[in-house]
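What follows draws every value from the coordinates through simple rules; no lab data is involved. Keep in mind that what you see is a predicted model, and the values were worked out from it rather than measured. Methodologically, a virtual Cβ is constructed for each residue, glycine included, from the backbone with ideal geometry; neighbour enumeration extends over all protein chains shown.
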Amino acid sequence: MAINKDMNLADPLFEPAPKSVPSRDGFGKALLELGEADPNVWVLTADVSESTRTHWFADKFPKRFVQVGVAEQNLAGVAAGIAACGKTVFISAYGVFSPGRNWDQLRVSVCYNNVPVKIHGSHTGLTVGPDGASHQALEDIAMTRVLPNMVVVAPADAEEARKATLAVAKLPGGAYIRTCREKLPAFTTEKTPFEIGKANVYRDGKDVAIFACGEEVYESLKAAESLAEDGIDAAVIDCHTIKPMDMKAVEEWARKTGLIVTVENHQAAGGMGSAVAEAVGSTYPVPVIRHGVYDHFCESGESVELLAKYKLDSAGIAEIVKKAVAEKKR
Amino acid sequence: MADRFRINNLKKLKMIANTIRQDVLRMLFEAKSGHSAGSIGLADIFTALYFNVLYHTPKNPDWPDRDRLVLSNGHVCPVMYAAMANAGYFPKEELLTLRKLGSRLQGHPHRGMLPGIETSSGPLGQGLSQAVGMAIVSKAERKKWRVYCVLSDGEHQEGQTWEAAMLAGKYRLGNLTAIIDRNNIQIDGHTEEICPLEPFAEKYRSFGWHVIDVDGHNIKKIIDACEESRAVYEKPTVIIAHTIPGKAISFMEFLTEWHGKPPKKEDLDTALSELEKQRDSIESDDF
């Protein structure tokens with residue numbers, strides 16, 4: 001086993017898999033903690049309070065909760081106004097609408113103003129499944145990471161989402177937190193470290209380094225197990241912070257393995273993989289295979305079916321990595 | 001504490017508006033780009049705001065209990081900069097750095113760069129939402145400070161403005177006063193031809209607002225309308241201020257072509273001499 005014990009992951013990690021919890025639960029829990037600790041924390045939503053778990057905060061702190069209705073542009077703008085009064089403001093909606101609908105408001109009212117508005121994009125990636133392509137946010141990392149004064153985080157499970165939420169609350173400017181609808185194995189623990197901008201190495205390896213984020217981290221860990229049986233020693237890195245990118249980790253693993261595969265539930269262009277590739281290019285250039293959705297609108301289907309079809313489950317990831325390793329050896 | 005200027009002497013206020021117009025023309029001439037007509041047309045409203053209506057402390061721009069003034073249509077910022085400099089926020093010499101490299105006076109205003117600027121603006125339709133956010137905080141925390149938001153008429157073609165208007169109605173933001181520069185022009189022509197905004201007042205009324213129509217060049221009436229809005233406790237107020245783009249400069253008035261261009265040297269000289277003549281008549285006027 002090459003699992004990094006320092007990370008205090010769940011034990012056992014695979015058989016049986018840890019209990020599944022939606023990552024947005026971690027976000028909702030953190031808001032309660034923040035609301036309790038700091039009377040300057042406000043929460044806003046756009047008609048999705050229950051499914052984004054902001055109703056927990058709303059029930060407890062109704063005076064610091066604003067329901068704007070189906071109006072994501074106003075959501076971002078009102079938040080910026082509240083934040084300009086010295087408050088820390090979380091806005092929560094589905095990723096396709098926020099940052100999808102309100103990018104200009106995030107750019108000017110939030111980022112250019114440089115006020116502490118934290119954007120929670122829920123229901124991102126393919127795992128909204130049956131809702132279909134219109135609701136599958138696969139471009140949100142790309143559109144947020146390009147904005148100045150914006151930090152971008154894609155937590156791997158509920159506990160990491162909780163820690164990420166607490167961490168971004170302390171930052172002076174804007175931040176984007178990405179969660180998904182589907183329940184995810186709760187494989188990190190309270191003791192697992194979390195620091196914005198510092199990638200977590202969950203599994204050591206020498207042949208290839210897999211950089212993953214969100215629900216793809218656990219899938220990548222599973223993929224690494226099966227790759228080990230095929231004699232491929234794959235490291236797995238939880239690249240939860242997409243911006244600022246952990247340049248040190250990227251360079252270190254580029255040097256160690258000479259091959260990086262990135263895995264994300266997002267377009268392969270512009271997202272975490274692109275951010276890693278940019279970092280590799282300016283530190284220690286080695287091949288970077290970016291795996292995700294390839295310039296494509298997907299379709300309706302159950303979450304597991306879609307992940308399998310687009311090779312974003314452990315089997316698909318193993319296949320992509322195997323191919324990359326074979327090409328490296330040629 | 002606040003030094004609310006509270007200049008009630010109309011002659012003095014008219015003189016200040018005249019000075020602001022002259023400053024704006026010089027600034028735009030030096031900058032060689034910028035928006036003339038809207039900035040000039042708003043001189044009377046900004047005079048009323050900065051020299052009578054607002055509770056503010058130019059020497060202490062971050063005073064927590066200040067009234068907030070959100071400028072939504074950022075392109076008319078020269079008039080705000082000129083009003084601020086005349087009110088003592090920063091030295092008047094700095095006005096001529098407008099739009100130049102290294103200046104705090106950005107082409108569109110930027111919060112954090114120039115103390116006293118509440119929000120960065122420029123892309124239209126974003127100001128009212130932020131003003132609503134501020135007013136919600138003031139109301140929730142039972143503060144006395146109010147929020148004023150200056151908007152253009154054209155930016156009511158942006159859907160976000162109406163999203164914000166709807167939410168202000170929901171929260172009955174009696175501490176919010178929106179002032180619309182109803183000058184009827186936008187870049188491509190007249191608002192009612194491009195995409196009609198009327199009936200403006202009825203739209204706002206139906207969103208739960210108290211509406212006041214006012215002559216946007218009558219400083220006394222602008223002040224009175226703002227006072228009236230302070231007295232309306234149960235709903236937000238919108239002041240539809242009817243203005244003439246380029247007001248007081250004979251060759252600029254009403255012309256859409258002056259929306260987005262600065263004066264040339266001869267334009268500047270003519271305009272300044274017209275304004276100087278107006279000073280004489282303000283001086284001799286009986287108030």
Distance between modelled label sites at residue A:131 and residue B:32, nm, 7 Å Cα→Cβ extension: 5.1 nm
Rounded FRET efficiency, nearest 0.05, which uses the C-beta distance separating residue A:38 from residue A:228 and R0 of 30 Å: 0.10
Calculated [θ] (222 nm, deg cm²/dmol) that DSSP helices of n ≥ 4 give over chain B, each run adding -39,500 (n - 2.57): -12500 deg cm²/dmol
Point-to-point label distance, residue B:193-residue B:141, nm (Cα→Cβ direction, 7 Å offset): 4.8 nm
Shielding of A:34-47 by partner chains, average beta-carbon count, 10 Å: 1
Cα shape, region A:20-185, gyration tensor, a/c 1.5 rule: rounded
Per-residue Cβ neighbour rank within 10 angstrom, fewest leading, B:187, B:194, A:260: B:187, B:194, A:260
Test item: B:131-144 mean partner chain Cβ contacts at 10 Å: 5
Where a label projected 7 Å from the Cα of residue B:203 along Cα→Cβ would reach, residues of region B:130-166 with amide N under 13 Å: B:152-166
Inter-part distance where region A:220-261 and region B:170-191 are each reduced to a Cα centre, Å: 54 Å
Residue-averaged beta-carbon neighbours from other chains (10 angstrom radius) around A:58-69: 2
Residue B:62 paired with residue A:269, simple spin-label distance in nm, labels 7 Å along Cα-to-beta-carbon: 4.4 nm
Tail beyond 29 Å, pair distance distribution of chain A (Cα, percent): 32 percent
Reachable aspartates and glutamates from residue A:328, criterion Cα separation under 13 angstrom, eight or more residues apart if same chain: A:207
Helix-only CD estimate at 222 nm, as mean residue ellipticity for chain A, using -39500 (n - 2.57) per DSSP H run (n ≥ 4): -10000 deg cm²/dmol
Global geometry of region A:195-329, whether rounded, prolate or oblate, following the gyration tensor of its Cα atoms and the 1.5 cut on a/c: oblate
Fewest-first sequence of A:50, B:274 by Cβ atoms within 10 Å of each Cβ: A:50, B:274
Candidate lysines for bridging to residue A:329, where Cα separation is under 28 Å - those fewer than 8 sequence places away on the same chain excluded: A:206, A:222, A:248, A:256, A:309, A:311
Taking A:32, A:306 and counting other C-beta atoms within 10 Å, the order from fewest to most: A:32, A:306
Prolate/oblate/rounded call for the protein assembly as shown, Cα gyration tensor, a/c under 1.5 rounded: prolate
